[in-house]
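What follows is a set of notes on a single structure, which appears directly below.
The values are calculated or read from the model by the stated rules, or taken from the named source; none is laboratory data. Model, not experiment: these values are computed from the prediction. As a convention, Cβ positions derive from the backbone with ideal geometry for all residues, glycine included, and neighbour counts pool all protein chains shown.
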Amino acid sequence: MSRRGALSGEFFMMGDIACAEGAISAGCRFFAGYPITPATEVAERMSRRMPEVGGTYIQMEDELASMAAVLGASWGGVKAMTATSGPGFSLMMENLGLGIMTETPCVLVNVQRAGPSTGLPTLAGQGDMMQARWGTHGLYEIIALAPSSPQELFDLTIRAFNLSEKYRLPVLVMTDAEVGHMTEKVVIPPPEEIELYPRRLATVPPEEYLPFKPDEDLVPPMVNFGQGYRIHATGLTHDERGYPDTADDSAQWPLIQRLIDKIRLNKHDIIQLEEDGLEDAEVVVCSYGIAARTALWPMELARKEGIKVGLLRLITVWPFPEERVRELAGKVKAFVVPELNWGQIALEVERCAAGRAEVILVPHPGGGVHKPERVLEAIRKAARR
Amino acid sequence: MRYWRKPLDIEGLKIPRGNIQILKERCKGCGFCVEFCPQHVLEVSEEFNSKGYHPPYVKDGDGCVSCGLCEMLCPEFAIYRLEEEREVQVL
Amino acid sequence: MEPERHPMDDLLREDRLPHIWCSGCGIGTAVTCFISALLKSGLDLDKVAVVSGIGCTGRVAGYIKLDSFHTTHGRAIAFATGLKLANPELKVVIFSGDGDLIAIGGNHFIHAARRNIDMTVICVNNFNYGMTGGQVGPTTPVGARTTTSPYGCFEHPFNIPYLAAASGAVYVARWTMLHVRRLERSIGEALAKRGFSLVEVIAPCPTNYGRRQRRRTGLDSLKYYHQKGVIKHGANPRDVDIDLDGEIIEGVFVDIEKPTFSDFCQEGLSRAMGNRGP
């Protein structure tokens, strides 16, 4: 994929714009979307930039179509992305499932706002974290990344493309209105310094190729449409030939097992965490995205009070870093989990802590960010245990 | 094929003839080919295939002019013709 | 000697035959006409992609041995839009049913036609949701009995050619699947057309639709098409409504030239961007 037209240098850039530029640096050359606050700037930027880099921008009739078109473009051999927010994310759930089932690499950005329903369109929320995990029907594993700054939105958008090609699935970038609309310094490295994971294309001739027969890492090499392989892909349960096999559970078992295992067994490669001061921590603030960023100040205040508090920031939210949370649960008194919802990731922390450490949720309905004193109060409470 | 009088260009004429081929196991007995054959070449057989349908058989192969309607109309990809040529016979 | 292969098997996933369609269903015939048109089209078959939605006709993609994709319900055209724009070399054909394309996928249908995306849509219309057991659909004629209109259908149906034409399609034709030669020719014309082309194929669903309208077998429906099919090339699409037992007007209704989405993009972008463009 040509990297012509990708920016490099230092910029004062809005998160949504950084996201679009990250996609371009990752080689994304197709964007299909539908206007929705607070993700519209991604689409606007892409509509301007795609023609400059030889890509295609299309504004679809709705988010159902946007996600479907992104899958189509990916099978056409082009890296593809869409960006949306809550209501659109709900519509995209349908074809997110198709992308998982047909193992289609692509990136879906959710600039979260406060819900449910139309909610607070211009204001941040983190209420879609469990929807990211379980939003489309059926059983599967997913990859979701959570940036805390415009720079990270740039970096993680590139990483999302790389993971999607490597593991052949749609990868979610779960940001929010605060990060998406925040303008900050963003450093874009020269193209040659950006590592890209190219699509793993089949190397065997068509007559030997089975489109859903995995390599050792459980991921099948792909072919693009028009390469002469004449393959079939379906959202139905299928065998290694890609043919529907729906009479009983005989194809369902190996397929579902593989779709789950290709993520679970590669967790070490997928999960990224930021840790700070965990060596002697008694209290761990476990958070992600904007909520992790706004927890930094109250953590500093708590440290001044002599509380040993450390940070576990989830850069990869899904798959959930179970092992690390379990390990910490054996060492610390409590986890404090601030998030812009009424307890979603907190449930995961609770599950992994399994009663060995207390989990204190700092909820927020969305529409703003946590007041420092609320997080500080939770840290104090945790330290008193 | 027989004509009641000798056409003037008989020497140059080649009438196509279809040699009808039936994949009996694919047939689901819809009867489209039998009903719409313009030359009434086909008939439903008494025979059953393994799905329990009666496939057609060629009742009057001589009548076939290789129009291909049965081949196109068959929803099962179960019938086609090999095109042959034959001499025109005059009564 | 019974033959083992059909000449069309080269373009079929032979190892999946027999297909799932019922005895007397017309979808197989529509596929035959499509394959026949494709073979005559001179297209590079490695560059032809078939995209289907969900439903009986949605299974077509799974039987045709070309690059083929079986999408979610209603989203075939949206998927195909992405596929075509990502790889303009491809000839993209959407093969799906009336419920899939016109009800749940109706929005994508009208918008792809409006944008004049270069694709061919073959819509098999059997007036009901066959796969789920014969429910009322967007094309069910007024008065028809289905499993969810047990007292008769009380909704006005969509006239698909009119919908396509009004939305901007450059080629619109309708044939019953009985008129195989004309259907094949129309599919060939649609494949050769640049822009959004639509061929509606009227087909029997004896199992779930026909038998509730006193047309018990596929053959009963074909006899009905034979009696009531009227060819009117160039008819105004607004006049080609289908009533329960009425005439079925067939023919090529629209055949016009218009820039496609990609034509417009290319022209507009080179004008707006000059040498900044690709």
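Mind listing just one residue for me: the one in region A:68-85 that is aliphatic (A, V, I, L, M) and out of contact with any Ser or Thr (no Cβ under 6 Å at 6 or more places or on another chain) and, of those, farthest from the other protein chains (Cβ to nearest Cβ)?
Here the answer is A:Ala83.
Against the list (1) within 14 Å of chain B (Cβ to nearest Cβ); (2) in a loop (DSSP other than H, G, I, E, B), the condition C:Ala144 fails is (1).
Applying the condition of being closer than 14 Å to A:Leu169 by Cβ and aliphatic (A, V, I, L, M) to region A:93-135 and asking which residue is nearest to the other protein chains (Cβ to nearest Cβ) yields A:Leu98. Does region A:49-60 contain at least one residue that is in the same structural domain as A:Pro121 (by TED's automatic domain parsing), under 23 Å from A:Gly115 (Cβ atoms) and touching a residue at least 40 places away in the same chain (Cβ under 8 Å)? Among the residues of region A:49-60, not one is in the same structural domain as A:Pro121 (by TED's automatic domain parsing), under 23 Å from A:Gly115 (Cβ atoms) and touching a residue at least 40 places away in the same chain (Cβ under 8 Å), which makes the answer no.
No other residue among C:Phe264, C:Phe253 is away from chain B (no Cβ under 14 Å), among the aromatic types (Phe, Trp, Tyr) and either under 16 Å from the mean Cα position of the chain (by Cα) or not in a helix (DSSP H, G or I) (or both) apart from C:Phe253.
For region A:226-254, the set of residues classified as surrounded by fewer than 18 Cβ atoms within 10 Å (Cβ to Cβ) and away from chain C (no Cβ under 12 Å) consists of A:Glu240, A:Asp248, A:Asp249, A:Ser250, A:Gln252, A:Trp253, A:Pro254, listed by residue number. For the residues A:Val317, A:Val325, A:Val332, A:Val349, the requirement of being part of a strand (DSSP E or B), at pLDDT 95 or above and of a type outside the set (D, E, K, R) singles out A:Val317.
Would a scan of region A:375-383 turn up a residue that is closer than 24 Å to A:Gly125 by Cβ, touching a strand residue (DSSP E or B) at 6+ places or on another chain (Cβ under 7 Å), outside any helix (DSSP H, G or I) and of a type outside the set (Ser, Thr, Tyr)?
No, because not a single residue in region A:375-383 is closer than 24 Å to A:Gly125 by Cβ, touching a strand residue (DSSP E or B) at 6+ places or on another chain (Cβ under 7 Å), outside any helix (DSSP H, G or I) and of a type outside the set (Ser, Thr, Tyr).
Tally up the residues in region A:33-57 that are within 14 Å of another protein chain (Cβ to nearest Cβ), surrounded by fewer than 23 Cβ atoms within 10 Å (Cβ to Cβ) and of a type outside the set (Phe, Trp, Tyr), please. Within region A:33-57, residues that are within 14 Å of another protein chain (Cβ to nearest Cβ), surrounded by fewer than 23 Cβ atoms within 10 Å (Cβ to Cβ) and of a type outside the set (Phe, Trp, Tyr) number 7. Collect the residues in region C:156-183 that are buried (at least 22 other Cβ atoms within 10 Å of the Cβ), within 14 Å of chain B (Cβ to nearest Cβ) and not in a loop (DSSP other than H, G, I, E, B), keeping them in residue-number order. Hits for region C:156-183 are C:Trp175, C:Thr176, C:Val180, C:Leu183.
Look at (1) surrounded by 15 or more Cβ atoms within 10 Å (Cβ to Cβ); (2) away from every other protein chain (no Cβ under 14 Å); (3) not acidic (Asp, Glu) and you find that C:Gly246 fails only one, number (1).
Table: residues versus (1) within 28 Å of C:Leu183 (Cα to Cα); (2) without any contact (Cβ under 8 Å) to a residue 60 or more places away in the chain; (3) in a loop (DSSP other than H, G, I, E, B).
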residue	(1), (2), (3)
B:Lys6	no, no, yes
B:Cys33	yes, yes, no
B:Phe48	no, yes, yes
B:Gly52	no, yes, yes
B:Cys67	yes, yes, yes
B:Cys70	yes, yes, no
B:Pro75	yes, yes, yes
B:Glu85	yes, no, no
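The residue pairs whose first member lies in region C:1-28 and is more than 7 Å from every other protein chain (Cβ to nearest Cβ) and within 29 Å of C:Tyr209 (Cα to Cα), whose second member is surrounded by 17 or more Cβ atoms within 10 Å (Cβ to Cβ) and of a type in the set (Asp, Glu), and whose beta carbons are closer than 8 Å, counting only pairs six or more residues apart or on different chains, are C:His19/B:Glu76.
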